[in-house]
Every structure is written in structure tokens, then in C-alpha cells.
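Below: the structure, in C-alpha cells.
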Amino acid sequence: MKSRTINYTKPKGLSEKWPLKRKNIYEIKVYNPNGKQTGVEYIVVDGVRQESNMVPYKPDEKKHIIEVYM
């Protein structure tokens with residue numbers, strides 16, 4: 001299974017939610033309640049918390065919800 005690593009640094013002024021389209025549609029939501037500038041605590045993909053900061057790639061052409069918690 002292919003996967004993607006998320007190592008996220010939020011630029012100033014970037015919205016907390018944006019779409020990314022390829023074959024699949026990814027709705028990425030970033031939660032940063034403490035205002036951290038770098039570092040990901042954990043990631044949830046389609047309601048399932050991931051063991052690492054890897055987002056599994058499924059070529060199913062469906063919409064996937066990715067939640068990044070900083």
C-alpha cells in the first residue's frame with residue numbers, strides 16, 4: 001500500500017481547511033488549539049487514528065477526511 005507522510009508547518013494566513021484533488025478527493029482539516037508552528041501529534045483518516053503520520057493511499061476515487069492534530 002502506498003502512503004504519504006505529513007510533516008506540516010502552517011504558513012501564516014493559511015485556512016485551517018482546504019481541498020486537495022488528485023484521483024481521490026482529500027478534505028484536510030488541521031486542528032491546532034495551542035497555536036503550534038510545527039509538529040504533528042497524530043492524524044485521523046476517515047475516522048481511524050493512524051499509528052504514524054502516514055496517510056494511506058487508496059486509489060478508489062472517493063472523498064477522504066484527513067484530520068491533522070498539532
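Worth a mention:
- The H on the amide N of residue 25, modeled in the peptide plane, is under 5 Å from the matching H of 62, 63, 64, each at least 5 residues off or on a different chain.
- For the range 28-70, diffusion coefficient by Stokes-Einstein and Kirkwood Rh (Cα), 10 °C, 1.306 mPa s, µm²/s: 143 µm²/s
- Set of aspartates and glutamates with alpha-carbon distance to residue 29 below 13 Å, sequence-local pairs under 8 removed: 16, 46, 67
- If you plug the beta carbon distance of residue 27 and residue 51 into 1/(1 + (r/R0)^6) with R0 = 30 Å, you get a FRET efficiency near 0.90.
FYI, it's all coordinate maths here, none of it is from the lab. This structure is a prediction, so every number in the text was calculated from the model and none was measured. In this analysis, Cβ positions are derived from the backbone assuming ideal geometry, glycine residues included, and neighbour counts consider all displayed protein chains.
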